[in-house]
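I have placed the structure first, in the form of structure tokens, so that the comments after it can refer back to it.
The values are calculated or read from the model by the stated rules, or taken from the named source; none is laboratory data. Since this is a predicted model, take the numbers as computed values, not measurements. No Cβ is skipped: glycine too gets one built from the backbone with ideal geometry, and neighbour counts run over all protein chains shown. Quick note on the areas: whole protein, heavy atoms, side chains included, nothing else; ligands and nucleic acids left out. Shrake-Rupley method; radii C 1.70, N 1.55, O 1.52, S 1.80 Å.
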Amino acid sequence: MAGLLLKNVAKLYPNGGVGVKDFSLEIGDGEFTVLVGPAGSGKSTLLRMIGGLEDISLGDIYIGGVRVNDLEPRERNVAMIFRNYMLYPQMTVYENLAFGLKLTGCGKNEMHQRVTETAELLEIGHLLETPSEQVTGIDRYKVVVGRALARRPQVLLMDDPMIRLDGQLRREMRQGLADLHHRLGVTVVYVTEDASEAMLLGTRLAVIRDGVLEQTGTPEEIIRKPQNRFVAEYFSCPPMNVLAVEVEEKDGKAVLKAAENRGVFSEENSRILIDGGYAGKEIIIAIRPEDIHVEAECVKKWGDNLIHACAEACEADAQGAYMTFQIGDESLRAKVPEEGKIHPGDQVTLAVDPSKVYIFDKDTQKAIG
Ligand code: ADP
Ligand code: MG
């Protein structure tokens with residue numbers, strides 16, 4: 001096992017396309033890092049460069065302290081699992097697990113030991129003599145993972161490996177993968193577009209957009225302290241409310257103005273805005289629907305941060321009921337205690353939890369403070 005270091009890595013494709021730009025990231029030995037971002041953001045490009053399937057245009061990649069830029073894929077001792085993984089259908093599970101080992105010239109005894117160890121680890125020992133085409137569901141997936149792990153790679157690279165699995169299998173596999181990582185301690189770089197999958201799996205996330213590293217951190221850090229508007233919105237489900245508001249200075253404090261409403265929000269935000277010279281300017285604020293409340297006790301508690309709005313439409317999903325409210329030209333979504341209490345057309349007072357308001361510079365879209 002080994003850590004991984006990417007130093008100012010860039011990929012410029014021959015057609016002029018930019019895969020990644022000046023990307024630097026350190027991944028500790030045994031960490032489970034999820035590289036997460038939208039389609040086309042450069043995730044696969046990075047994995048292929050780490051694995052040696054793609055030349056590195058600029059910068060350096062180190063695995064276990066060794067610069068690997070000029071090493072062949074098989075010399076890097078990494079294993080990759082792709083979206084379109086396949087088993088060798090004519091072979092048994094045993095032969096599938098042994099395949100990669102054979103290629104590396106591993107002796108027969110050692111190969112046997114590695115295959116049986118790997119099968120035990122994944123709890124597929126009873127399937128070793130089964131033709132792989134007869135293996136289904138979660139077991140099939142375990143064989144794919146086992147084949148990658150049989151060589152005892154230093155790093156396991158996974159490129160959106162669960163995209164083809166249905167919901168139930170995906171849940172089982174996520175859990176299985178987390179357990180396996182826990183037991184093996186292998187360094188994993190896992191790629192997904194799915195923010196919630198990233199949060200569930202990763203001990204650390206690296207958020208990428210347009211080939212640029214936007215933020216790294218634990219899932220909690222990403223949620224609590226998004227460094228820019230993109231990260232805040234990407235990791236918010238249901239989507240955040242994003243509004244442009246004007247900052248006014250009153251008695252040395254920042255007051256945020258949206259239509260006829262005024263809010264003072266937190267002392268901390270107020271100080272940051274005044275010190276940063278935002279008085280008289282517009283900023284962007286983002287608030288999660290669950291941090292806007294209609295309950296009377298919240299209206300009492302956060303009396304400085306009330307919004308008067310007109311209820312519009314209600315919708316419900318597995319996580320609860322949400323209502324859309326109109327304030328000025330903007331609309332806001334808030335989580336409401338239950339469906340049917342508030343009706344379209346009702347005038348409602350909403351209270352905002354002041355500690356859950358994110359503030360961003362309007363021009364740079366970066367977090368203020
Ligand atoms: P992701 O895996 O995050 O969806 P990719 O790494 O596949 O993103 O792609 C990142 C960017 O590089 C995209 O703009 C894509 O069009 C471009 N790209 C990827 N592969 C090639 C290639 N072989 N030639 C030219 N451009 C490419
Ligand atoms: Mg990809």
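Suppose we filter 58, 53 for residues that are without any contact (Cβ under 8 Å) to a residue 40 or more places away in the chain and not aromatic (Phe, Trp, Tyr); which single one remains?
53
Yes or no: region 147-164 includes at least one residue that is touching a Pro at 6+ places or on another chain (Cβ under 7 Å) and either assigned to a helix (DSSP H, G or I) or under 24 Å from residue 29 (Cα atoms) (or both).
Scanning region 147-164 turns up no residue that is touching a Pro at 6+ places or on another chain (Cβ under 7 Å) and either assigned to a helix (DSSP H, G or I) or under 24 Å from residue 29 (Cα atoms) (or both).
Output the strands (runs of 3 or more DSSP E) that fall wholly within region 1-98 and possess 1 or more residues being within 16 Å of ligand 2 (Cβ to nearest atom), or say none.
4-12, 18-27, 32-36, 78-81
All but one of (1) under 24 Å from the mean Cα position of the chain (by Cα); (2) away from ligand 1 (no atom under 16 Å from the Cβ); (3) not small (Gly, Ala, Ser) hold for residue 112, so report the exception by its number.
(1)
Could you tell me which of the residues 163, 124 is free of Cβ contacts under 8 Å to residues at least 60 places away in the same chain and of a type outside the set (Lys, Arg)?
The conditions single out 124.
Residues in region 247-255: is at least one open to solvent by 40 Å² or more (accessible area, probe 1.4 Å) and in contact (Cβ under 8 Å) with a residue 40 or more places away in the chain?
Checked region 247-255: no residue is open to solvent by 40 Å² or more (accessible area, probe 1.4 Å) and in contact (Cβ under 8 Å) with a residue 40 or more places away in the chain.
Given the criteria β-branched (Val, Ile, Thr) and either within 24 Å of the chain's Cα centre (by Cα) or open to solvent by 60 Å² or more (accessible area, probe 1.4 Å) (or both), does residue 327 qualify?
No.
Anything in region 290-348 that is without any contact (Cβ under 8 Å) to a residue 40 or more places away in the chain and of a type in the set (Val, Ile, Thr)? List them, or say none.
Hit for region 290-348 is 324, nothing else.
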